[in-house]
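What follows is a set of notes on a single structure, which appears directly below.
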């Protein structure tokens, strides 16, 4: 057997910050995806909101961020902000 260490593959998502500054070290990130309607076949937008941990309180509303899955940090937080891809103008 090899003593090779494996790192678990964690989910990463790219989304935009909806609210910032309302909660300490927490931001709400909206993830938008396209899903095909089961009957009509048209692609429709679907949104999911996740609360993510922002350790340095550096995210602002409208920023594009990369979030990564992590252990449960609170009742609703299971995601952590890994990096800010684009600051809002």
Which members of the stretch 61-80 meet the condition of being farther than 11 Å from residue 16 by Cβ and outside any strand (DSSP E or B)?
70, 71, 72, 73, 74, 75, 76, 77, 78
Taking the stretch 67-80, which residues are within 9 Å of the chain's Cα centre (by Cα) and either surrounded by 17 or more Cβ atoms within 10 Å (Cβ to Cβ) or closer than 12 Å to residue 27 by Cα (or both)?
67, 79, 80
Restricting to the stretch 19-59, give me the number of residues that are assigned to a strand (DSSP E or B) and loosely packed, with under 15 Cβ neighbours inside 10 Å.
16
Among the residues of the stretch 8-16, are any out of contact with any strand residue (DSSP E or B) (no Cβ under 8 Å at 6 or more places or on another chain) and modelled with pLDDT under 95?
yes
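The values are calculated or read from the model by the stated rules, or taken from the named source; none is laboratory data. Treat the numbers as computed from the prediction; the structure is a model and nothing was measured. We place every Cβ from the backbone using ideal geometry, glycine too, and count neighbours over all the protein chains shown.
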